[in-house]
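Take a look at the structure set out below.
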Amino acid sequence: MDAYDEDSDARHGPDGPHAPDGPHGSDGPHGSDGPHGSGGPSGSGGASGAGPVRAGVPVEPVGPAPAPRSGVAALSPRYQVGAALAVALVAVTACVHLGMVFLSIAPANTVTKQHGKAIEEWVYPEFEQNWKLFAPNPLQQNIAVQVRADVLMPNGTTTTTGWNDLSVQDGKAIDGSLLPSHTVQNELRRAWDFFATTHGADNRPIGIRGSLSEQYLRRIVVRRMYEQDATSKKGTIQRVEVRSSTTNVPPPQWSGEKVSDTPVYRVLPWWTVTTDEANGGVR
């Protein structure tokens, strides 16, 4: 035992290889001031603010992972180009189809006259439509209402005015107006439509509303003459004569279609103005 104790003290004693002053002592490379000591980078004083430590190695904090791409963005550039071309092809086909269906149900026009066979081959029989109730024939004529009057002047003479284009005056009142009134836009036009639908080609009334439409139109033109005609303002209107001037809307130059631009007049007989109307009762 004594020999063993002595031998142990010889190997592990203060002067042995593991003594505090040896290479692995407190002042050695792994001592308190060594790389893993209390004063080293992994000690309590050197690594306390460097973030989490795993097996003695500092680990930087990691942020949230980016969201995975989805849809077309997840494809490779080559497939993205293919997808874009497919979407463009579908959009063009849809536009062409809608245009063909619209032309098939629209009233006859320059495009349908020139490409009618191609439109029919595209639409019929699978896509046949009948929407005429929702696509009435638009007006292709300009109709102007004009009037002249026999005016009794203060000196006892009667003067016939020139033709006053009331539709042109309404157009001037509408042009440049942000909020044109409903009366300016529609009163005269609807009055003429009312008269035309209740009278025959000989200007005779059809049905019980014929006389009403005549009276309505007459009162409108008499009031307008008193307001806008210089001669009528000076005297008393005795009679009025109304006519319509119908002119075809010119087709576009590229259509090659030829229509007459000569106005066609429909002249109504002279109407005698009633006493109330002559005295300005309808102004």
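Structure summary
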| read-out | value |
| --- | --- |
| Any pair with Cβ under 8 angstrom, 6 or more apart, that starts in the stretch 191-210 at a residue that is touching a residue at least 40 places away in the same chain (Cβ under 8 Å) and among the hydrophobic types (A, V, I, L, M, F, W, C) and ends at one that is in a strand (DSSP E or B) and open to solvent by 60 Å² or more (accessible area, probe 1.4 Å) | W192/I143 |
| Pairs with Cβ under 9 Å, 6+ apart, first in the stretch 84-96 and closer than 20 Å to A74 by Cβ, second in a helix (DSSP H, G or I) | A84/V72; V87/V72 |
| Residue list for the stretch 184-211, restricted to those being in a helix (DSSP H, G or I) and of a type in the set (V, I, T) | V184, T197 |
| Residue selected from the stretch 254-283 under the condition in a helix (DSSP H, G or I) and of a type in the set (S, T, N, Q), by the criterion most open to solvent (accessible area, probe 1.4 Å) | T275 |
| Subset tally (residues that are β-branched (V, I, T) and exposed (fewer than 12 other Cβ atoms within 10 Å of the Cβ)) for the stretch 220-253 | 1 |
| Considering residues of the stretch 97-114 that are open to solvent by 60 Å² or more (accessible area, probe 1.4 Å) and either at pLDDT 85 or above or within 24 Å of the chain's Cα centre (by Cα) (or both) only, the residue nearest to Q129 (Cα to Cα) | F102 |
| Candidates D150, D170, filtered to the one that is open to solvent by less than 70 Å² (accessible area, probe 1.4 Å), among the charged types (D, E, K, R) and part of a helix (DSSP H, G or I) | D170 |
| Every residue from the stretch 153-167 that is crowded, with 16+ Cβ neighbours inside 10 Å and in a strand (DSSP E or B) | N164 |
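The values are calculated or read from the model by the stated rules, or taken from the named source; none is laboratory data. Everything numeric here is computed off the predicted structure, so don't read it as measured data. Note: ideal-geometry Cβ built from the backbone for every residue, glycine included; neighbour counts use all protein chains shown. Protein only, heavy atoms only, side chains kept; ligands, DNA and RNA dropped before computing areas. Shrake-Rupley method; radii C 1.70, N 1.55, O 1.52, S 1.80 Å.
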